[in-house]
Amino acid sequence: RQAAPGPAAACLLAVKCLTGPMQGQTFSVGSAGLLFGRRPDCHVRFPNGTPGVSGLHCRICWRQGVPMLEDLNSTHGTFFADGRRLPPNYPQPIAPGDRFYVGDPSNRFQCIAG
């Protein structure tokens with residue numbers, strides 16, 4: 001008998017960069033999630049000087065099998081495509097098709113089925 005799949009297996013997710021320095025790149029959201037920012041330990045690492053992006057900006061994590069987008073108290077914020085700013089340190093559910101931007105509208109991403 002096989003072990004039950006981990007939380008990420010229930011809803012495979014990836015994030016595609018639509019605009020910005022990593023345009024065209026796709027990042028898989030594994031069981032550990034994804035960190036966005038300028039720091040070397042971020043999975044989605046922005047070049048130094050990228051407008052509006054903090055060292056440790058936001059993350060996608062899993063809560064009970066649901067992917068969540070969380071702003072990590074960044075200076076310039078994390079926003080859904082419609083302009084709603086995420087409250088810092090308050091994870092919001094996301095799903096394939098959802099779009100968001102990091103700090104500045106020029107850094108847009110879309111969640112896609114992984």
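Each value in this text was obtained by applying a stated rule to the coordinates, not by laboratory testing. Bear in mind that the values here come from a model prediction, so they are computed numbers and not experimental data. Neighbour counts are summed over all protein chains in view; Cβ atoms, including those assigned to glycine, are modelled from backbone coordinates with ideal geometry.
Worth a mention:
- With a cut-off of 13 Å between beta carbons, the residues surrounding LEU72 carry a summed charge of 0, where Lys and Arg count +1 and Asp and Glu -1.
- Counted charge near ARG85, where neighbours are those whose Cβ lies closer than 13 Å (Asp, Glu -1; Lys, Arg +1): -3
- Mean residue ellipticity (222 nm) of the chain, computed from DSSP H runs ≥ 4 via -39,500 (n - 2.57), nearest 500: -500 deg cm²/dmol
- Long-range amide H partners of GLY114 with built H, under 5 Å: LEU12, LEU13, ALA14
- Relative contact order (percent, whole number), the chain, Cα cutoff 8 Å, 6+ residue spacing: 27 percent
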